[in-house]
2 protein chains.
Amino acid sequence: MASAGVVPGERDGDVLTADRILDAAIERFGCDGFHVGLRSIATAAGVTAGLVIHHFGSKAGLRRACDEHALAVMREQKTKALTDGTAAMFMAQLAEVEQFAPVVRYLLRSLQAGGDLAMTLIEQMITDAEAYLAAGEAAGVIRPSRDRAARTRYLAYQATGGMVLWFSVHGAAVGPESFRTLFRRYVEEITLPALELFSQGLLVDRSMLDDYLMYVPDPPSDGDAATAAR
Amino acid sequence: MASAGVVPGERDGDVLTADRILDAAIERFGCDGFHVGLRSIATAAGVTAGLVIHHFGSKAGLRRACDEHALAVMREQKTKALTDGTAAMFMAQLAEVEQFAPVVRYLLRSLQAGGDLAMTLIEQMITDAEAYLAAGEAAGVIRPSRDRAARTRYLAYQATGGMVLWFSVHGAAVGPESFRTLFRRYVEEITLPALELFSQGLLVDRSMLDDYLMYVPDPPSDGDAATAAR
DNA sequence: CGCCGGATTGAACGGGTGTTTAATGTGTTG
DNA sequence: CAACACATTAAACACCCGTTCAATCCGGCG
């Protein structure tokens, strides 16, 4: 049960059929959304709808397999290039490699749909960003926060959500641009404003922040996290 | 053609049936997503699926009507409270009024799905934010930017996308919390980190920004927008 | 060889979809 | 009252969906 579905035919001149189906599924799911029919995926893989069920049990099973594959690819590539912090930059550099574009598109779809994978991805991004920001703080290049966990979550949600929304709006609207080109345009569009905001903020003084800190008595709920202020 | 579909029965003790259908549609679309069946919407409105078609022509027509209604409500409420700038804050205060919660939920769904309404909403938010940020700049409370349009777009996408993603992940996951409570939790969660970021930035110095400005020759494409720097 | 097990297919099933159509009710008007 | 227009319904239609099933192909093995 634990090691089910492996090494049945094994040897084959071309890729295994199950892998071909999975690739086609990631491609179709990513491009058309999760409501695509099994038959559409099957024809894209050059097989029949029944065979997809035969290999993956059900459509839900196929999605689960896609999720695992995408997550595995993401994790593997992440260890290769563990710098860069922001998820957007990371996914951008990943999308540069044409081979991984379908996976990235699938991940964006998953984030848009908001299922289990979305939550896993977000939590993972938050964990990564936590470590990255903490390192930056320790190195003295990132300002400390009154509530580091909240800031990390905020930054992860904003960056990821902004990216997903941008692709939801611009993704299908524009012409026959390749996914790579689209991603490059997105990064170009946000880099300057993001750097400005991160480097200089948006407001000229701290009055709004101070007003809020005075208005709200407790930082989150514990006692001494406020020592990081100023 | 221009004034089609108005004043047919007009007088009625309770609300018009078409309005009841539309309210139910916004409710169901917002809660269950746009793939809900017409019959589900119809039963929620206490009518039959055929009647929905009879009044709105098709499911697409119903969605168009929902879009227009939601957009109209949003515009009307916006003029009532034109302060507060950020779209999140605005929608939060709108969601406070129980009556408007379904519309807000519908708008979130639309932004998540990314159709025409999503683009309209985003562009409108950008326009509003443009005016708001310009006013703040003129009043001396908001820092000028090297590329004001790009910054406005960036802020609008980040704020809106972050909110949509947060609700995609937390929306159905948690228990029987009311939409109001959920929105309050979101605002509570982001207010401090957002104010911190806007007031103090994230990085301790400008080296990353300066590196980027040196690496990239032209600001966007025109000539003198860089005078706003420093 | 003969059998067997898995890969693969094509057709069928049951259910859900959006939409159409004919019939029924119902209030307004001549 | 008769006639018409409209709201409303229930049933039917055609289609797509995920899934099942029986049959077929095919390679490995006793």
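What follows draws every value from the coordinates through simple rules; no lab data is involved. In this text, all values refer to a predicted model and were calculated from it rather than measured experimentally. Neighbour counts run over all protein chains shown; Cβ positions are idealised from the backbone, glycine included.
Structure data summary
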read-out	value
Values of log10 I(q)/I(0), in the order q = 0.14, 0.24, 0.26 Å⁻¹, for the range B:112-197 under a Debye, Cα-only, solvent-free model	-0.62, -1.23, -1.28
Least to most buried among A:Phe198, B:Phe183 (fewest other Cβ within 10 Å first)	A:Phe198, B:Phe183
Footprinting exposure proxy for A:Phe56, B:Phe29 (fewest neighbouring C-beta atoms within 10 Å first)	A:Phe56, B:Phe29
Distance between modelled label sites at A:Ser58 and B:Thr120, nm, 7 Å Cα→Cβ extension	3.8 nm
Neighbour net charge for B:Glu68 - beta-carbon separation under 12 angstrom, K R +1, D E -1	+1
Other copies of B:Glu137: label-to-label distances in nm, shortest first, labels 7 Å along the beta-carbon direction	3.4
Gap separating the Cα centres of the range A:147-179 and the range A:194-212, nearest whole Å	22 Å
